[in-house]
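No lab work stands behind these numbers, since they all come straight from the coordinates. From a predicted model like this one, the values you see are computed outputs, not experimental measurements. Every residue, glycine as well, gets a Cβ built from its backbone with ideal geometry; the counts of neighbours run over all protein chains shown.
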Amino acid sequence: MIGKGIAKGFIETARNFVGSYTDESRLVTVEYPEERLPPKENTRNFPFLVFDGDDAEKGLRCVACKICEKDCPPQCIYIVLERDEKGRPQKHPKVFDIDVSVCMSCQICVEVCPFEAIKMDNEFELSRTDRFDALLLKKEQLAKSNEYYHKLHPTEAAAVDAKLAEEKAKKAMPPPSPSTAAPPQPAPAKT
Amino acid sequence: MSVLPTSIAFFCLIAVFAGLFGFTTILERKGLGRLQNRLGPNRVGPFGFAQFIADGIKMLTKEDIVPGTADKLVHFMAPLALLIPVCLSFSVIPFGPKLVFLDFDAGLLFFFAVGAATELAVFMAGWSSRNKYSLLGAMRAIAQMISYEVPLVLSALTVVMLVGSLSLTDIVREQQPVLFGFLHTWHVFTPWGLAGFVLFLIAAAAESNRTPFDIPEAESEIIAGYLTEYSGFKYALFFLGEYLGLFAMCSLGITLFLGGWLPPFSFLDFAPGPIWFALKLLAMIALFIWTRGTLPRLRVDQLLNFAWKFMLPMALINFVVAAIWHYSGQWIFPAAIALRWLICGALIFVPYLLFARLFTRRFTPRTYRYAD
């Protein structure tokens, strides 16, 4: 009979209406500024720089190799290498800027970094009253501790720490002499 | 009528209904939210009920953009051409026993004559914008409004036929006699009145472009229809005009079928009429909000088919049923009223089922051969 479906629909919406006042589980809205959901581990927004230890300036893992700067598709990274009085490079960035208004959150900088120095943040409340300078993040704003990184992405950070520790251990061991080292395996003949 | 009371009454009318408009927008947004298990606006004021003030300020301070190629004069006139007839249509509605602005004999005729002018405004808006979506929306609006005007007027005419007057105050007085010692004889308590009321509601929803008949503004199809090129104050005026049109339609429905300013039971006669009218109006608005939260939009062909192949024949049948009900009123034998109800009810219900079959045959369950 025509109209039966309409009546059913009306009953359904009426049930919703009453239910939304009586049944808490129906209202799934999270009222954002007051309540918020815990962030998901794999969320990412804009990059930040990781430092070890307590001193943000000294502990910075970045060596200013500029790989990320070159690979950044929208060209939003700007790096200047630190040099001492004699002009020798210091393996430390003097300037490290990321223009987050340009950044497209592609994570390529993180992928290419050989020193695990740049990682993705999940900070998203970045609204500013100034369109220009406020969104150009400086080195001081970008530097975040390794603990912070652990808090954001625990699994990933643990893997990174393990890898860095392994590299450190390898470096600490004396280089094996050519005689004791196993000769390079010849490639298996292709059949 | 002297100038001063007239102008006071006029400003009261405008102020009350503009205030009701503001209240309805927030009621609608909150109600729709709850119908969909959302919260609705809850930021401004207590429980978000001051949201309409913020919305109003936003609307009025927005830039008013007129397209460069638009017909500027017509574009400017269209919102006024919508709002003025809608405001005029309130003048003949009796809100209380003595609370009617213009009590003249052809009140219903005046209402429909003035109401028909809104179609012109909608087309002015669509045509002058020089935008294909606007024009499409306006075309749809014309097709829809003219199609639904017929069942709307026919369902109102049954009342006129039985009451024998076009005066809306007379129509309300006719519903005053008391049945069984407590029930006012509202027209909706008769078979033809019930059917007529449902037909009237459907046609009124179509006339005021409410869902499920909002194809002239269908956001998902043609942006905003004839409102596409409107912004700021003019958009707000259109919005106001549409809601006022809805209130006018609801008021007419209340007057014709729901006993106007009469209370539901005769022992409640002590409370003043306008209170009952306001309560009925709010209930009608709630019904329209509920409908909007429930039904999806119709397609254009479905809409017009429904108007001409279902609404119009049903309205005509209802006409005949009303006549039968009227003449069978002279029957004086026991259980006459039950027999009248049976005959009239069957005369409405059987054609309804037949027409329904006509529709459902065309919408058999679809079988998908290649999907799933």
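How much FRET efficiency would the formula 1/(1 + (r/R0)^6) give for A:ASP23 and B:VAL44, where r is the Cβ-Cβ distance and R0 is 25 Å, rounded to 0.05?
Working: r = 26 Å, r/R0 = 1.05.
Efficiency, rounded to the nearest 0.05: 0.40.
Are there trypsin sites (Lys or Arg not before Pro) in the stretch B:124-229 that DSSP puts in a loop and that have at most 11 other Cβ atoms within 10 Å, and which ones?
Details: sites: B:ARG130, B:LYS132, B:ARG140, B:ARG173, B:ARG210; in loops: B:ARG130, B:ARG210.
Loop-located and lightly packed - none at all.
All other residues with a Cβ under 13 Å from the Cβ of A:ASP84 taken together, and with Lys, Arg as +1 and Asp, Glu as -1, what is their net charge?
Numbers: positive: A:ARG83, A:LYS86, A:ARG88, A:LYS91, A:LYS94; negative: A:GLU82, A:GLU85.
Cβ neighbours under 13 Å give a net charge of +3.
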Inset, instruction - Express in nm, to one decimal, how much length is gained between B:GLN36 and B:LEU179 on full extension, taking 0.36 nm for each residue of separation and deducting their alpha carbon distance. - result: 47.4 nm
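Return B:HIS184, B:HIS326 ranked ascending by Cβ neighbour count within 10 Å, so the fewest neighbours appear first. If you can, show how the numbers build up before the last one.
Values: B:HIS184 20, B:HIS326 14.
With the fewest neighbours first, B:HIS184, B:HIS326 line up as B:HIS326, B:HIS184.
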Legend entry - Inter-site label distance for B:ARG299 and B:LEU120 at 7 Å from Cα along Cβ, in nm: 3.5 nm
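Are there any trypsin sites (Lys or Arg not before Pro) in the stretch B:268-372 that are in a DSSP loop and have at most 15 other Cβ atoms within 10 Å? List them by number.
B:ARG299, B:ARG366, B:ARG369
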Inset, instruction - Please find the FRET efficiency linking B:LEU80 to B:CYS12, where r is the Cβ-Cβ separation and R0 is fixed at 25 Å, and quote it to the nearest 0.05. - result: 0.75
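In the stretch A:24-84, which GluC sites (Glu not before Pro) are in a loop and have at most 13 other Cβ atoms within 10 Å, using DSSP for the loop call? Before the final figure, lay out the partial values.
Values: sites: A:GLU24, A:GLU31, A:GLU34, A:GLU35, A:GLU41, A:GLU57, A:GLU69, A:GLU82; in loops: A:GLU31, A:GLU34, A:GLU35, A:GLU41, A:GLU57.
The qualifying sites are A:GLU31, A:GLU34, A:GLU35, A:GLU41, A:GLU57.
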Inset, instruction - May I ask for the angle, rounded to the nearest 10°, between helix A:4-22 and the longest principal axis of chain A, with both axes built from Cα atoms and the value confined to 0 to 90°? - result: 70 degrees
Inset, instruction - Go ahead and set up a Gaussian network model of chain A, Cα springs under 10 Å, then flag whichever of A:ILE98, A:ILE108, A:ILE118 fluctuates most. - result: A:ILE108
Inset, instruction - With a Förster radius of 25 Å, plug the Cβ-Cβ distance of B:ASP103 and B:LEU4 into 1/(1 + (r/R0)^6) and report the FRET value to the nearest 0.05. - result: 0.85
Legend entry - Flagged links, alpha-carbon separation over 22 Å, of B:LYS132/B:LYS234; A:LYS91/A:LYS144; A:LYS40/A:LYS151; A:LYS144/A:LYS171: A:LYS144/A:LYS171
Legend entry - Separation of the B:LEU282 and B:ARG357 label points, Cα + 7 Å toward Cβ, nm: 4.5 nm
Inset, instruction - Only helical DSSP H runs with n ≥ 4 go in: add -39500 (n - 2.57) per run for chain A, normalise by residue count and round the 222 nm mean residue ellipticity to 500 deg cm²/dmol. - result: -9000 deg cm²/dmol
